[in-house]
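Scroll down for the structure; my scribbles are underneath it.
The values are calculated or read from the model by the stated rules, or taken from the named source; none is laboratory data. Predicted model only: the values in this text are computed from it and were never measured. Cβ atoms come from the backbone with ideal geometry, glycine included; neighbour counts cover every protein chain shown. Protein only, heavy atoms only, side chains kept; ligands, DNA and RNA dropped before computing areas. Shrake-Rupley method; radii C 1.70, N 1.55, O 1.52, S 1.80 Å.
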Amino acid sequence: MKIIVAEHAGFCFGVERAVGIVENAANKKSNVITLGPIIHNPQLVNKLKEKGVLPLENIDEVKDVHTVIIRSHGITKDNYELLKNQGVEIIDATCPFVIKAHNSAMKLSKEGYSVIVFGDKNHPEVKGIVSYVEGEYFLVSNSEEAKNLPFRKRYGLVAQTTQNSQSFEEVIRIVQEKCDELKVINTICNATTHRQEAAKEVAKQVDMMIVIGGKNSGNTRRLFEICSELCKNTVHIETKDELSEKMFENIEKVGITAGASTPDYLIKDVINYLEEVKNERERKENR
């Protein structure tokens, strides 16, 4: 059985930076919290809890003794102001690409455009982006929703940083017919595009594709969707414990990719497990 690992699998720059910020703070300070999970990976969040770093969902739970780390996805403009007014120490671990999306949405609205944000409406990153819009905005999660947009003289379009580039292009084509003027600022980060393209290349050539990452991770779910289109036998797992030897019967080539918030050790666990399955198969064949 051949094991192929996609290039660009695992932590992206923004996630690695955020996790490093949290670990550094935890080593130096007590009462460190993150506003929401620092990244969308339950296993890593649990490891940080063991170090005393708790994720708080409600800003009302923040006390003046806390050092508050803003997660990689960012928070809303109003919540940032609330934190500043509480006088707590703030360490901002928002991904620089997310900050670019905030600034782009704000810039478009100040220029008089009706702003469209392409992304998952319930994702904290998207909630943060729209909070910086100072005028009319619309949320669009797919091309069908884009078709239902009203006509406007001027539209400005941005995207959640981890969206599918191909889907974004489809939305652009649709919105062009919905206005006299369209200004697009592509806020999808390069790491996302590279990761998706690398996953496609592997999915095309394998009998089974494994996508590793949090079930609550938007970019991991998109990797799963992309790979599923090219390899029908695609599974989305968080850890190796979700795999079994039986799953690999008659599999000659298996591919692996992982979301941007998936730690290296979880990827290595899966690779090591597959190596064990491969070795056991060879032992049986040589008996």
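For the stretch 240-261, the candidate set comprises residues that are out of contact with any helix residue (DSSP H, G or I) (no Cβ under 7 Å at 6 or more places or on another chain) and surrounded by 13 or more Cβ atoms within 10 Å (Cβ to Cβ); within that set, the residue that is nearest to Ile38 (Cα to Cα) is Glu242. Looking at this structure, is Lys204 closer than 18 Å to Ala9 by Cα and open to solvent by 70 Å² or more (accessible area, probe 1.4 Å)? For Lys204, the condition - closer than 18 Å to Ala9 by Cα and open to solvent by 70 Å² or more (accessible area, probe 1.4 Å) - is met.
Here's the yes/no breakdown for (1) open to solvent by 30 Å² or more (accessible area, probe 1.4 Å); (2) without any contact (Cβ under 8 Å) to a residue 12 or more places away in the chain; (3) not acidic (Asp, Glu):
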| site | (1), (2), (3) |
| --- | --- |
| Val22 | no, no, yes |
| Asn27 | yes, yes, yes |
| Ile33 | no, no, yes |
| Pro37 | no, no, yes |
| Gln43 | yes, no, yes |
| Lys47 | yes, yes, yes |
| Leu56 | no, no, yes |
| Ile59 | no, no, yes |
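Hey, among the residues in the stretch 63-94 that are in a loop (DSSP other than H, G, I, E, B) and within 21 Å of the chain's Cα centre (by Cα), which one's farthest from Ala26 (Cα to Cα)? Ranking the candidates gives Thr76 first. Among the residues of the stretch 5-12, some residue qualifies, meaning at least one is open to solvent by less than 70 Å² (accessible area, probe 1.4 Å) and modelled with pLDDT of 95 or more. Out of Ala199, Ala159, I need the residue that is open to solvent by less than 40 Å² (accessible area, probe 1.4 Å), under 23 Å from Lys110 (Cα atoms) and touching a residue at least 40 places away in the same chain (Cβ under 8 Å). Which one? After ruling out the rest, the residue left standing is Ala159.
Annotation: of all residues in the stretch 95-125 being farther than 16 Å from Ile70 by Cβ and in a helix (DSSP H, G or I), the one that is most open to solvent (accessible area, probe 1.4 Å) is Lys110. Scanning the stretch 194-201 turns up no residue that is more than 11 Å from the chain's Cα centre (by Cα) and not in a helix (DSSP H, G or I).
Each residue in the stretch 168-192 was checked for being open to solvent by less than 40 Å² (accessible area, probe 1.4 Å) and either under 24 Å from Thr257 (Cβ atoms) or in a helix (DSSP H, G or I) (or both), and 10 of them qualify.
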